[in-house]
1. Between GLY56, GLY7, which is under 14 Å from the mean Cα position of the chain (by Cα), modelled with pLDDT under 90 and farther than 12 Å from GLY79 by Cβ?
2. Which strands (runs of 3 or more DSSP E) sit wholly inside the range 7-82 and have at least 1 residues that are in contact with a Lys or Arg (Cβ under 6 Å, 6 or more places away or on another chain) and surrounded by 12 or more Cβ atoms within 10 Å (Cβ to Cβ)?
Amino acid sequence: LDGRRTGREDDADLYVAMNASHEEQSFELPHPPQGRPWRRLVDTSRQPPEDIVGPGEGELMLAGTELELPPYSLAVLCGERW
């Protein structure tokens, strides 16, 4: 989702990867529009309470990193705020 054209300031970049396949899938993380690293906030393949974490708590991931998702899972990443 690219919020650069909304007219609002200081929006967060979001990246959502969904695997609806019965096989593991790999996603290459794009460069966030604001140039910040990604932070994983939701990953349904992880066990609770690791599947959903609060702001600033998730794993940092850089653009170009491969995100591996098992079957029938999704991940939500947010551009890290400085």
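The values are calculated or read from the model by the stated rules, or taken from the named source; none is laboratory data. Remember, it's a predicted structure, so these values are computed and weren't measured experimentally. Using ideal geometry, Cβ is built from the backbone for each residue, glycine included, and neighbour counts are taken over all protein chains shown.
1. GLY56
2. Qualifying strands (runs of 3 or more DSSP E): 73-79.
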